[in-house]
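Chemist: One structure, as structure tokens, below. Some questions next.
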Amino acid sequence: MKFRNLKKIKELKTITTFLKPKKVYIPLISQDDKNITLLVKKGDYVFKGSIIGKRKGNLRISIHSSVSGIVVGFSEHTYLNGQKVKCVEIENDYKEKEETRKSTKRILNKYTKDEFINLLRDCGIVGLDSGFPTYIKYQNNINTLIVNSVNDEPYVTCNQSLFRTKCEEILEAIDSIMDICSIEECFIAIKKENVELKKILDNHIGTYLKIKVVEVCNDYASGWERNLVKKIKHETYKKYPTEKSIVVNNVSTIYAIYEALKYNKALTDRIITITGDGISKSQNILVKNGTLVSEIIESIGGIKKYKKINFIAGGLMMGNSLPSDDLVVTSNLNSVFVMKECDNSIEECIRCGKCVEVCPVKLSPILIKDNINNAKKLEKLKANRCINCGLCSYICPAKINVRDYVKEAKKKQERI
């Protein structure tokens with residue numbers, strides 16, 4: 001999808017807050033899995049941090065209320081992937097009551113590894129981009145931790161703004177994770193162009209002898225997990241970095257781990273970037289999970305009066321286009337773009353091959369599109385290697401959303 005006036009969007013460095021929604025709508029979904037055990041009913045009183053549902057299966061994880069208040073019902077709202085999902089509707093009493101008083105832990109590394117893994121699971125800590133349960137990564141023996149602070153998505157700066165304001169806490173968390181899990185080395189990956197963050201890290205990292213800063217190129221997708229592992233450790237793997245005793249976490253996930261270690265705090269809020277030429281004022285903003293994006297946008301000045309507005313959840317390149325701002329904040333939502341829509345009329349493919357040229361994993365996206373219903377050919381075309389970067393759609397002169405076809409093909413291969 002093509003948009004004009006992207007240069008008018010400003011890079012954001014500060015963080016504001018919106019922590020008093022009238023209601024929250026906690027989706028009964030984890031990643032794309034709706035197989036959730038519901039633990040509350042209408043009329044129940046819940047505390048901030050109360051477990052209201054649990055994911056089943058091998059990737060079980062707790063789902064928490066982000067406010068204290070009454071469960072007033074159940075309703076459907078839009079999730080990051082564009083689907084309507086069932087949500088637990090909780091009326092906020094603004095008291096922030098917790099079931100048990102949380103104590104503060106002075107020394108973060110005084111956990112056993114089993115206690116650490118259980119804490120991550122019980123606090124609902126997931127990757128704050130992927131939504132993948134973090135405790136799963138640490139169940140294996142880990143030698144290397146890679147902290148991803150590379151900003152691939154244009155104008156999404158929530159991770160970088162968090163690092164600027166919470167650098168000491170993030171480094172303390174990294175050091176504690178290494179002690180608890182007997183990890184030998186850590187690399188913090190940043191882009192070469194991020195000179196300011198490099199200076200901040202240089203000022204704080206001196207006493208952490210096992211933590212090193214690694215600069216990666218400024219190209220798009222340099223922060224892709226496989227690229228980081230190959231760049232830093234010269235390793236490749238089949239499915240997960242843990243096959244090579246490596247864990248990759250982004251900065252926001254590390255800070256969520258810090259809050260769990262320090263305060264036994266469940267993952268009930270996160271920082272998201274809200275930006276675009278369709279809103280009055282762009283923000284990096286700390287919000288509660290389950291908050292409606294429409295309420296957040298209204299709190300920061302609302303939407304400009306254009307004839308047609310497009311909403312994109314999750315970034316311009318890898319995100320999903322939505323028809324409205326009836327979207328709920330979840331742990332894996334990093335951004336919302338509000339854009340004045342341009343002419344996106346689709347034309348016939350001209351067989352230019354540009355999508356093949358730009359694909360970072362050397363796929364043939366247009367051939368995958370053409371063979372979307374041919375299982376044998378899809379297997380040969382290896383759609384399952386797609387990283388959802390969106391470059392094929394971005395570069396297409398015919399404005400074909402090639403990525404959607406490749407995503408569909410990838411799902412078909414995963415079901416086989």
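The values are calculated or read from the model by the stated rules, or taken from the named source; none is laboratory data. Predicted model only: the values in this text are computed from it and were never measured. Here Cβ is always computed from backbone atoms with ideal geometry, including for glycine, and neighbour counts include all displayed protein chains.
Chemist: Kindly evaluate LYS369 against the criterion of being in contact with a Phe, Trp or Tyr (Cβ under 6 Å, 6 or more places away or on another chain) and surrounded by 13 or more Cβ atoms within 10 Å (Cβ to Cβ).
Modeler: Values: in contact with a Phe, Trp or Tyr (Cβ under 6 Å, 6 or more places away or on another chain): yes; surrounded by 13 or more Cβ atoms within 10 Å (Cβ to Cβ): yes.
Yes.
Chemist: Oh, and also: Go through region 130-141 residue by residue and tally those that are surrounded by fewer than 24 Cβ atoms within 10 Å (Cβ to Cβ) and within 20 Å of GLY223 (Cβ to Cβ).
Modeler: Here is the first cut: in region 130-141, the residues surrounded by fewer than 24 Cβ atoms within 10 Å (Cβ to Cβ) are 130-133, 135-141.
Right, trim to within 20 Å of GLY223 (Cβ to Cβ) and you get 130-132, 137.
Residues flagged as surrounded by fewer than 24 Cβ atoms within 10 Å (Cβ to Cβ) and within 20 Å of GLY223 (Cβ to Cβ) within region 130-141 amount to 4.
Chemist: Tell me whether region 80-93 contains one or more residues that are modelled with pLDDT of 95 or more, closer than 21 Å to ALA260 by Cβ, surrounded by 15 or more Cβ atoms within 10 Å (Cβ to Cβ) and not basic (Lys, Arg).
Modeler: There is no residue in region 80-93 that is modelled with pLDDT of 95 or more, closer than 21 Å to ALA260 by Cβ, surrounded by 15 or more Cβ atoms within 10 Å (Cβ to Cβ) and not basic (Lys, Arg).
Chemist: Identify all residues within region 108-119 that are without any contact (Cβ under 8 Å) to a residue 40 or more places away in the chain and among the aliphatic types (A, V, I, L, M); write none if there are none.
Modeler: Hit for region 108-119 is ILE117, nothing else.
Chemist: Considering each residue of region 233-283, count those that are aliphatic (A, V, I, L, M) and either in a helix (DSSP H, G or I) or closer than 21 Å to TYR155 by Cβ (or both), and give that number.
Modeler: Residues flagged as aliphatic (A, V, I, L, M) and either in a helix (DSSP H, G or I) or closer than 21 Å to TYR155 by Cβ (or both) within region 233-283 amount to 10.
Chemist: Among the residues of region 72-90, how many are without any contact (Cβ under 8 Å) to a residue 60 or more places away in the chain and closer than 24 Å to LEU286 by Cβ? Step through it out loud before you land on a result.
Modeler: As a first pass, look at region 72-90 and keep what is without any contact (Cβ under 8 Å) to a residue 60 or more places away in the chain: 72-76, 83-86.
Checking which are closer than 24 Å to LEU286 by Cβ leaves us with 85.
Counting residues in region 72-90 that are without any contact (Cβ under 8 Å) to a residue 60 or more places away in the chain and closer than 24 Å to LEU286 by Cβ gives 1.
Chemist: Mind telling me which of the residues ASN249, ASN159 ends up being within 17 Å of the chain's Cα centre (by Cα) and modelled with pLDDT under 95?
Modeler: After ruling out the rest, the residue left standing is ASN159.
Chemist: Between residues in region 133-150 that are in the same structural domain as LYS212 (by TED's automatic domain parsing) and closer than 15 Å to GLU115 by Cα and residues that are charged (D, E, K, R) and surrounded by fewer than 23 Cβ atoms within 10 Å (Cβ to Cβ), which pairs lie under 7 Å by C-beta distance while being six or more apart or on different chains?
Modeler: Taking only residues 6 or more apart or on different chains, the pairs are TYR135/ARG121.
Chemist: Here's something else I'd like to know. Kindly indicate whether THR207 is closer than 30 Å to VAL338 by Cβ and surrounded by fewer than 20 Cβ atoms within 10 Å (Cβ to Cβ). Break it down stepwise before answering.
Modeler: Details: closer than 30 Å to VAL338 by Cβ: no; surrounded by fewer than 20 Cβ atoms within 10 Å (Cβ to Cβ): yes.
Taking the combined requirement at face value, the residue does not satisfy it.
Chemist: If a residue has to be crowded, with 19+ Cβ neighbours inside 10 Å and over 21 Å from the mean Cα position of the chain (by Cα) to count, how many in region 35-50 make the cut?
Modeler: 3
Chemist: Taking region 80-95 on its own, how many of its residues are within 18 Å of the chain's Cα centre (by Cα) and farther than 21 Å from ASP129 by Cβ?
Modeler: Residues meeting the conditions: 0.
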